Amino acid sequence: MDDRAWTVRTVPLRYLVGLNQHVLPEDTDPTTEFKYVEISDVSRSAGVVVPAEKTTFAQAPSRARRLAVEGDTVVSTVRTYLRAVGKVPATTSSERLVFSTGFAVLHPRHIDPRYLSYCCRSDPFIEEVVAKSVGVSYPAINAVDLLGISVKVGSLQEQRRIADFLDDRIDRLDRIIAARREQVAMARSAAFSAMSAQMDADANAFGTAALRRFCRGIEQGSSPIGEDVPAGPGEAGVLKTSAIIGGAFEPARNKRIPPEVADHRHVVADGDVLITRGSGSAALVGDAAVVRLGTYQGRLYLSDLTYRLVRPMLIPDYVVMSITSARGRSELGTLVRQGSGPAKARGDDVLSLPVPNAPRERQLKSIETVRGYRDHANQAEVALTKSIELLAEYKTSLITAAVTGELDVTTAGSGIPG
């Protein structure tokens with residue numbers, strides 16, 4: 001028999017960890033700065049991604065309360081289908097992290113911190129969290145049920161041996177995944193550069209005129225209070241700013257609203273040219289896309305942070321190419337206004353953007369040329385994304401096999417797929 005088999009026990013978490021030991025008190029100084037980590041900042045594959053920007057106690061949402069230290073593991077107890085689990089990384093003294101109350105913070109007491117994190121990222125653990133969750137649209141697990149989930153533990157020496165093995169293998173995998181993502185970024189950048197060069201060539205050949213000359217105006221919608229779920233078939237939804245991303249339109253990125261509050265003047269239709277009027281990130285202001293609803297069956301409406309061109313006289317795809325080219329983004333970037341709220345662009349500033357005065361035949365040719373570059377970039381991105389997904393799946397299976405004892409880490413080879 002394996003000499004470590006007799007030492008392995010299955011132990012409920014409650015005997016191994018402390019839970020939610022520290023929180024920010026309600027009387028915290030409103031000017032206290034920290035980095036707020038919410039559910040979307042954590043994933044089983046990437047772990048805890050520390051936000052770039054700080055916030056203050058006064059500005060942060062009321063759920064910004066959980067404190068955690070390096071070596072703790074955070075497990076999402078809400079929207080558990082997202083599988084948001086990660087080990088709290090090391091930070092500098094000036095980078096205090098505060099987590100959402102949607103996380104359970106597990107502080108290792110009688111278990112190696114790294115081994116605890118890997119156990120919580122394994123398939124059996126995640127599947128049991130999801131199975132014990134209650135609710136359909138917003139599934140959640142309570143702390144008692146979470147602490148009742150058991151993990152396999154051997155001696156501390158054995159835990160550290162497994163953690164050492166996984167640290168090495170996961171680091172290798174993460175470096176490969178990072179390289180694949182860099183290749184995706186390079187493919188996108190090449191397509192963007194080609195589009196910008198094409199628009200510059202059209203501007204040089206035919207001159208430019210202000211966008212206002214090629215449309216009947218610009219309009220924006222309104223933002224009634226909505227639910228954080230997309231509209232279903234026949235339901236109404238107001239667009240999120242993230243519905244316009246990288247020159248593409250994502251119809252599912254909307255918030256469901258009651259039909260009686262929808263303003264039917266602002267319903268979105270195929271072929272509309274939409275432009276981001278305002279966003280928390282100035283870099284996203286001025287992004288544009290042509291609406292293509294495809295099979296999406298919800299009824300969508302403009303928000304107050306989204307512009308729509310009124311009856312554009314140029315081909316919609318050509319307008320978007322011009323606005324989102326390097327020249328268009330540079331021109332608008334100097335005009336974006338930033339204050340205490342979201343960064344915004346005025347409608348007059350958008351309408352002042354220079355657009356190539358190209359005839360329809362040239363517009364069609366340029367659209368076809370740019371589509372060729374994009375198709376090539378998309379093919380590369382699909383292949384690279386598939387590779388990333390396979391590597392992420394292998395990473396999960398490796399963690400699961402190591403912490404459940406299916407894999408003897410003393411004899412395991414690399415086995416890392418390309």
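If each DSSP helix of 4+ residues adds -39,500 (n - 2.57) and the sum is divided by the residues in the chain, what number results at 222 nm, nearest 500 deg cm²/dmol?
Value at 222 nm, helices only: -11500 deg cm²/dmol.
For the chain, what is the relative contact order in percent, using Cα pairs closer than 8 Å and at least 6 residues apart in sequence?
16
Contact order normalised by length for region 1-104, with contacts defined as Cα pairs under 8 Å and 6 or more residues apart; what percent is it?
Relative CO of region 1-104 lands at 32 percent.
Take the alpha-carbon centre of region 87-159, take the same for region 252-308, and report the distance between them in whole Å.
Distance between centres, Cα-based: 38 Å.
For the pairs Lys240/Lys344; Lys87/Lys240; Lys152/Lys395, note any where the Cα-Cα span goes beyond 21 Å.
Lys87/Lys240
Which of Ser340, Ser94, Ser352 moves most in a GNM of the chain, Cα contacts under 10 Å?
Highest fluctuation among the options: Ser340.
Students often check this: by mean Cβ neighbours within 10 Å, which of 265-278, 26-39 ranks highest, and how do the rest follow?
265-278, 26-39
Over region 133-271, what is the mean sequence separation of C-alpha contacts under 8 Å (at least six apart), divided by residue count, expressed as relative contact order in percent?
14
Values in this text are rule-based calculations from the coordinates and carry no lab data. The structure displayed is predicted, hence computed values, not measured ones. Neighbour counts run over all protein chains shown; Cβ positions are idealised from the backbone, glycine included.
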